[in-house]
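The values are calculated or read from the model by the stated rules, or taken from the named source; none is laboratory data. Please read all numbers here as calculations on a predicted model, not as lab measurements. Cβ: placed from backbone, ideal geometry, glycine included. Neighbour counts: every protein chain shown. Remember, those area values only see protein heavy atoms, side chains included, never the ligands or the DNA or RNA. Shrake-Rupley method; radii C 1.70, N 1.55, O 1.52, S 1.80 Å.
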Amino acid sequence: EVDSTNHQARELCLRGAKEGTVVLAESQSAGKGRLGRQWQSPAGANLYASIILRPSISAASAPQIPLLAGVAGANALARATGLDARLKWPNDIFVHGKKVGGVLSEMEAEGNRIRFIILGVGVNVNWPKEDIPPDLLEIATSLRAEAGREFPRAEVAAEFFEELEREYGLFLKEGFSSRLREEWNRLSWVNQKWATVTMMEKKFEGQVLGLDTDGALLLMDREGRMQR
């Protein structure tokens, strides 16, 4: 058990850990999701991991990393389980309309130069449906709950990491390519749906049109104006 794999990975980063270092835990006492939310981390059931990256890209391009990780994760989970894994911008993986996993990216930079990025990955693998807290049942699920069988966590992790390594390698060569953008849009669970996006205390509402060329989400509001 650790407090959070992201916190442990950050400590390793500060001690000079190499790119590609992975922290895995059986359970977390203080797992984190987006916007400071708690990530439920029961022991021995799910995948909790953090990967250290040191990309030679500008800090402005860092938000594209979780997008490519989402694509990698959805494709990996679909291959490992046969389930139809989809994406919700910016970092959630959904199966049958419920969240099964997520990617949390944390960065440290000096000016526009990235020192490191920690990519936290959480996937609900073998969490029994009866153990999922009642307040999460409507929005969260697990691979086991959706497929009706257990999955070897090591195999799920290996699929995720191999696909992530492949997508990350392509990203370093090609940037946020049209291929990657089209793949995200293909996997999107939210495209064409009406959505509300909250950013920096501002709310934007509209129909989701997919990703812009740099990974920004495009919304069409009720007046027909494009919001980015």
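Summary table
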{"read-out": "Residues with amide H under 5 Å from that of residue 120, placed H, sequence gap 5 or more", "value": "51, 104, 105, 106"}
{"read-out": "Rg over Rh, two decimals, the chain (C-alpha only, Kirkwood Rh)", "value": "0.95"}
{"read-out": "Distance between modelled label sites at residue 54 and residue 165, nm, 7 Å Cα→Cβ extension", "value": "1.8 nm"}
{"read-out": "CD proxy at 222 nm, helix term only [per DSSP H run n ≥ 4: -39500 (n - 2.57); per residue of the chain; nearest 500]", "value": "-9000 deg cm²/dmol"}
{"read-out": "Cα centroid separation - region 176-228 against region 43-81, whole Å", "value": "20 Å"}
{"read-out": "Label point 7 Å beyond Cα of residue 226 along Cβ direction - residues of region 165-191 with amide nitrogen under 16 Å", "value": "182"}
{"read-out": "Solvent-accessible surface (1.4 angstrom probe) belonging to residue 107, in square angstrom, nearest 10", "value": "90 Å²"}
{"read-out": "Shape call, region 124-228: gyration tensor on alpha carbons, a/c limit 1.5", "value": "oblate"}
{"read-out": "For the chain, size of Cβ-based charge dipole, Lys and Arg +1, Asp and Glu -1, in debye", "value": "440 debye"}
{"read-out": "Share of carbon and sulfur in the accessible heavy-atom surface of the chain [1.4 Å probe, %]", "value": "48 percent"}
{"read-out": "Surface per residue (accessible, 1.4 Å probe) for the chain, Å²", "value": "51 Å²"}
{"read-out": "Electrostatic dipole magnitude of region 126-208 [Cβ: Lys, Arg +1; Asp, Glu -1; Cα centre; debye, to 20]", "value": "340 debye"}
{"read-out": "Of all DSSP beta bridges in the chain, antiparallel share, percent nearest 5", "value": "95 percent"}
{"read-out": "Most fluctuating residue given options 195, 76, 157, as computed from a GNM of the chain linking Cα atoms under 10 Å", "value": "195"}
{"read-out": "Over region 66-185, equivalent-ellipsoid semi-axes from the Cα gyration tensor in Å", "value": "27, 16, 13"}
{"read-out": "Within region 62-119: Cβ-based charge dipole about Cα centre, in debye rounded to nearest 20 (Lys, Arg +1; Asp, Glu -1)", "value": "200 debye"}
{"read-out": "Exceeding the 30 Å Cα-Cα cut-off - candidates 88/202; 18/203; 129/193", "value": "18/203"}
{"read-out": "Simple label model, 7 Å out from Cα along Cβ direction - residue 110 to residue 194, nm", "value": "5.0 nm"}
